Amino acid sequence: MLIAVIIIAIIAIFALWAVAQYNGLVKLRNLVQEAWKQIDVELQRRHDLIPNLVETVKGYAAHEKSTFEEVTNARAAASTPGASPAVQAAQENVLTQALGKLFAVVENYPDLKANVNFQQLQAELTNTEDRIAAGRRFYNANVRTLNTKIETFPTNVIAGMFGFKQAEYFETADDAARQAPSVTF
């Protein structure tokens with residue numbers, strides 16, 4: 001009788017442990033999804049600012065048509081819903097490069113740089129970029145925690161039994177973003 005009670009107690013402890021591990025994995029998966037949705041909100045905000053920025057620059061630099069088309073096409077690709085983090089990161093990198101070209105065009109127009117509307121749009125875009133970077137850090141931290149939990153024993157057994165998959169990091173492929181800025185006086 002005592003052996004049966006011990007066996008039942010061990011099974012109950014194991015079941016409680018398995019439930020706790022499963023719930024922990026679900027919680028982490030939901031945190032990763034929530035963090036991704038926050039990045040998606042900020043990316044959409046960025047995408048919404050870009051047409052206004054392009055229109056403002058167009059008023060000053062009408063002959064820069066190829067740059068405007070490049071930004072518009074990159075924005076359209078990046079705005080496509082349902083992309084995985086890796087695909088979204090690649091599309092955002094293309095958009096960032098196109099925006100870099102747009103800002104290079106702006107350098108040739110001092111009146112545009114002094115335009116209040118342009119300055120406000122540029123400030124909003126900078127603020128949004130900062131929020132995207134913060135969201136990326138939060139998302140990637142949650143991905144790291146989830147992936148570590150999925151890979152470590154004994155939680156990996158529960159993860160495998162219930163089909164938990166590793167999440168993708170949201171990384172930049174822009175080499176310029178990985179470089180330390182050069183400061184000259």
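Each residue in the stretch 40-58 was checked for being surrounded by 13 or more Cβ atoms within 10 Å (Cβ to Cβ) and farther than 21 Å from Arg136 by Cα, and 6 pass. Any chance the stretch 30-41 includes a residue that's part of a helix (DSSP H, G or I) and in contact with a Leu (Cβ under 8 Å, 6 or more places away or on another chain)? Yes, the conditions are met somewhere in the stretch 30-41.
Within the span defined as the stretch 30-39, one or more residues are closer than 30 Å to Ile150 by Cα, surrounded by fewer than 18 Cβ atoms within 10 Å (Cβ to Cβ) and basic (Lys, Arg). When each of Asp111, Asp130 is tested for being surrounded by fewer than 13 Cβ atoms within 10 Å (Cβ to Cβ), more than 30 Å from Gln21 (Cβ to Cβ) and modelled with pLDDT of 90 or more, the lone residue that passes is Asp130.
Select from the stretch 41-98 the residues that are among the hydroxyl-bearing types (Ser, Thr, Tyr) and over 22 Å from the mean Cα position of the chain (by Cα) and write down the one among them that is modelled with the lowest pLDDT. Steps first, answer last, please.
Going through the stretch 41-98, the residues among the hydroxyl-bearing types (Ser, Thr, Tyr) turn out to be 56, 60, 66-67, 72, 79-80, 84, 96.
Those left that are additionally over 22 Å from the mean Cα position of the chain (by Cα): 56, 60, 66-67.
Numbers: Thr56: 87, Tyr60: 80, Ser66: 86, Thr67: 88.
Among those that are among the hydroxyl-bearing types (Ser, Thr, Tyr) and over 22 Å from the mean Cα position of the chain (by Cα), it is Tyr60.
The values are calculated or read from the model by the stated rules, or taken from the named source; none is laboratory data. Since this is a predicted model, take the numbers as computed values, not measurements. Heads up, the Cβs are rebuilt from the backbone with ideal geometry, glycines too, and the neighbour counts pull from every protein chain shown.
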